[in-house]
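I have placed the structure first, in the form of structure tokens, so that the comments after it can refer back to it.
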Amino acid sequence: MTLDTLPLAASDLHIMDGSRRNSTLICAPVMAESVDQMLVQMGKAKEVGADLVEIRVDFLKNFNPRQDLGALINQSPLPTLVTYRPSWEGGQYKGDDKQRQDALRVAMELGADFIDVELKVADEFYNSIQGKKPEKVKIIVSSHNYEKTPSSEEIGDLVARIQATGADIVKIATTALDITDSARVFQVLVHSQVPMIALVMGEKGLISRVLSAKYGAFLTFGTIEAGVVSAPGQPTIRDLLDLYNFRLIGADTKVHGVIGNPIRHSNCPLLYNAAFKSINFNGIYLPLLVDNVAKFIDTYNSPDFAGYSYTIPHKEAGLKCCDEIDPHAKEIGAINCMIRNPADGKLKGYNVDYLGAIAAIEEGLRALNGSSNGSGSPLAGKLFVVMGAGAAGTALAYGGKQKGARVVVANRTYDKAKALANKVGGEAITLAELETFHPEDGMVLANATSVGMEPRIDQTPLSKNALKNYSLVFDAIYTPTWTRLLQEAQECGAAVAFGAEMFLNQAFVQVEKFSGSPAPKHLIRDVLARNT
């Protein structure tokens, strides 16, 4: 198969496949010790949706260039890029460089679609072929920096040097020390007048690999299997296609994401990208591993970076970066959602954590009471006990106040409980005092502490004996779904409301704020259920 059969222009892609909005190819690195193993991997690459394969011949044992390349190129089900990476550029090959370059010339002769030549030897290689190369073969001249991402000026100079070699395609790969490093690569990529591959390696460089489609890169790399990477930070092909909807990303796609640290295991991208696709919203949602929120916001200040969710530990830092703050978020003192106004670029912060949590509690109370949505909040007038006075406890206490509940804040330290109680016009007690707190029956309890979260699932913030005084118990923890607190509350006869409902309800609100369309609630629920 040759690249002649692949759509390489965005206009062609639109004609051939209406679901594809970019011309960026997905390349699967193939790394194995034998030709047979590589051929098996090539078949898998095609199955999972790759456009071409990178044959990493530096991984082959007992490599016979003419014989092995002949088999690999001729039997590949996809177009081929042949790379013979030397150890001095991060590869496996440690032998004579003349023999290595000889093998690349053989690859051209045998019909490879692309070969990769390192910048350090590019002039030498071009001199050796004396302008003679098959017309179909494109030469990628590459540079890899495994230490950092240089300045924009240095990257621009590097690209100019690569272009001066006569490269058909320019490739630069740098290393992310901070998520903002990718911005410098995007800047060069979007202004490039020649086909270009530009990637930033490492977890903090993931956005460069996904957004390569937005900024017009010639290709990006995706692995056939998770964890089997040819460079740090490569996503799987399945994640590119199914999680990030890679084919749907265009130059005008709006960028969203969840800002946190750590962030790798967040379920948010699964939910939001599925929702965006379902409602035909032209947006992408990424996990954003951010060290410094202000630096991130200042760097990615284009209108296309349209909105963010915030999670631990950046909810308070996010608040400080807002141009405008919703009154609820200001009173709570933290945000979990930020939207950029498309008209003036200003950022507005919201806290919808409390909406998600309170909605979950109200749903539980309505089910308990057999009442409908139209009969006002079932929390109104209830004694509402919130355990914990941190960001989550503040959101819950504030939400309870908004719904007309009588709020009691219980915290390990009384002073912190008192400070929050004063804000919401409530009462303060310690967690120790909560054990014997029973002014009335039918109270509602909400846990906003981390006690009982994985891995310490045997712990609980309140004894089983104390739970018999509550009609409903809510736990903001959603890993595990059934915390010890909820199990024991149910055993005492109380109704329970799950943390997952809080997570889902705030997701519904944020999807609507990001997209301007109603959230596909059943789909979001189904996606979360399948992935927890």
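The values are calculated or read from the model by the stated rules, or taken from the named source; none is laboratory data. Being a predicted model, the structure only gives us computed values, none of them experimental. Cβ coordinates were reconstructed from backbone atoms using ideal geometry, including for glycine residues, and neighbour counts include every protein chain displayed. The area values use the complete protein model at the heavy-atom level, side chains included, leaving out ligands, DNA and RNA. Shrake-Rupley method; radii C 1.70, N 1.55, O 1.52, S 1.80 Å.
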statement: The correct count of residues that are within 31 Å of the chain's Cα centre (by Cα), open to solvent by 10 Å² or more (accessible area, probe 1.4 Å) and of a type outside the set (A, V, I, L, M, F, W, C) in the stretch 52-76 is 1
task: Might you check whether a residue that is among the aliphatic types (A, V, I, L, M), crowded, with 24+ Cβ neighbours inside 10 Å and under 33 Å from the mean Cα position of the chain (by Cα) occurs anywhere in the stretch 424-446?
output: yes
message: I'm checking my understanding of the structure. Among residues of the stretch 32-44 that are assigned to a helix (DSSP H, G or I) and in contact with a helix residue (DSSP H, G or I) (Cβ under 7 Å, 6 or more places away or on another chain), which one is least open to solvent (accessible area, probe 1.4 Å)?
response: MET38
query: Of the residues PHE503, PHE514, which is within 27 Å of MET338 (Cα to Cα), touching a His at 6+ places or on another chain (Cβ under 6 Å) and assigned to a helix (DSSP H, G or I)?
result: PHE514
- prompt: How about the stretch 189-299: which strands (runs of 3 or more DSSP E) wholly inside it have at least 2 residues that are more than 29 Å from ASP526 (Cα to Cα) and touching an Asp or Glu at 6+ places or on another chain (Cβ under 9 Å)?
  reply: 219-221
query: Among the residues of the stretch 302-314, is any among the hydrophobic types (A, V, I, L, M, F, W, C) and in contact with a Ser or Thr (Cβ under 6 Å, 6 or more places away or on another chain)?
result: no
task: Scan the stretch 368-391 and give yes if some residue there is open to solvent by less than 60 Å² (accessible area, probe 1.4 Å), closer than 17 Å to LEU445 by Cβ and either in the same structural domain as ALA329 (by the TED database) or assigned to a helix (DSSP H, G or I) (or both), otherwise no.
output: no
- request: For the stretch 338-349, state whether one or more residues are surrounded by 20 or more Cβ atoms within 10 Å (Cβ to Cβ) and small (Gly, Ala, Ser).
  value: yes
field: Cross-chain or 6+ apart pairs with Cβ under 7 Å, the stretch 53-71 first and over 20 Å from GLU89 (Cα atoms), then outside any helix (DSSP H, G or I) and open to solvent by 40 Å² or more (accessible area, probe 1.4 Å)
entry: LEU69/LEU110; GLY70/LEU110
Within the stretch 485-499, considering residues that are crowded, with 19+ Cβ neighbours inside 10 Å and out of contact with any strand residue (DSSP E or B) (no Cβ under 6 Å at 6 or more places or on another chain), the one nearest to GLU363 (Cα to Cα): PHE498
task: Say whether the condition of being assigned by the TED database to the domain that holds ASP239, hydrophobic (A, V, I, L, M, F, W, C), open to solvent by 40 Å² or more (accessible area, probe 1.4 Å) and out of contact with any helix residue (DSSP H, G or I) (no Cβ under 7 Å at 6 or more places or on another chain) is met by at least one residue in the stretch 77-98.
output: yes
- prompt: Looking only at the stretch 155-198, which residues are closer than 24 Å to ILE297 by Cα and either open to solvent by 40 Å² or more (accessible area, probe 1.4 Å) or in contact with a Phe, Trp or Tyr (Cβ under 7 Å, 6 or more places away or on another chain) (or both)?
  reply: THR175, LEU177, ILE179, THR180, ALA183, ARG184, PHE186, GLN187, LEU189, VAL190, HIS191
- request: Could you please let me know if GLU454 is touching a residue at least 24 places away in the same chain (Cβ under 8 Å), open to solvent by 10 Å² or more (accessible area, probe 1.4 Å), under 23 Å from ALA397 (Cα atoms) and in the same structural domain as GLY390 (by the TED database)?
  value: no
task: Please find, among LEU355, LEU365, the residue that is open to solvent by 60 Å² or more (accessible area, probe 1.4 Å), hydrophobic (A, V, I, L, M, F, W, C) and not assigned by the TED database to the domain that holds LYS315.
output: LEU355
field: Condition check for LYS138: touching a residue at least 24 places away in the same chain (Cβ under 8 Å), closer than 30 Å to GLY202 by Cβ and open to solvent by 30 Å² or more (accessible area, probe 1.4 Å)
entry: yes
- prompt: Taking GLN130, is it open to solvent by less than 20 Å² (accessible area, probe 1.4 Å), among the polar types (S, T, N, Q) and out of contact with any Leu (no Cβ under 9 Å at 6 or more places or on another chain)?
  reply: no
message: Every residue in the stretch 460-481 that is open to solvent by 10 Å² or more (accessible area, probe 1.4 Å), modelled with pLDDT of 95 or more and assigned to a loop (DSSP other than H, G, I, E, B), please.
response: THR460, PRO461, SER463
- prompt: Only one residue in SER143, SER208 is small (Gly, Ala, Ser), closer than 30 Å to MET42 by Cα and open to solvent by less than 10 Å² (accessible area, probe 1.4 Å). Which one?
  reply: SER208
- prompt: For the stretch 199-215, how many residues meet the condition of being farther than 18 Å from PHE296 by Cα and polar (S, T, N, Q)?
  reply: 1
- request: Could you list, in sequence order, all residues of the stretch 302-336 that are in a loop (DSSP other than H, G, I, E, B), open to solvent by 70 Å² or more (accessible area, probe 1.4 Å) and under 19 Å from LYS513 (Cα atoms)?
  value: PRO303, ASP323
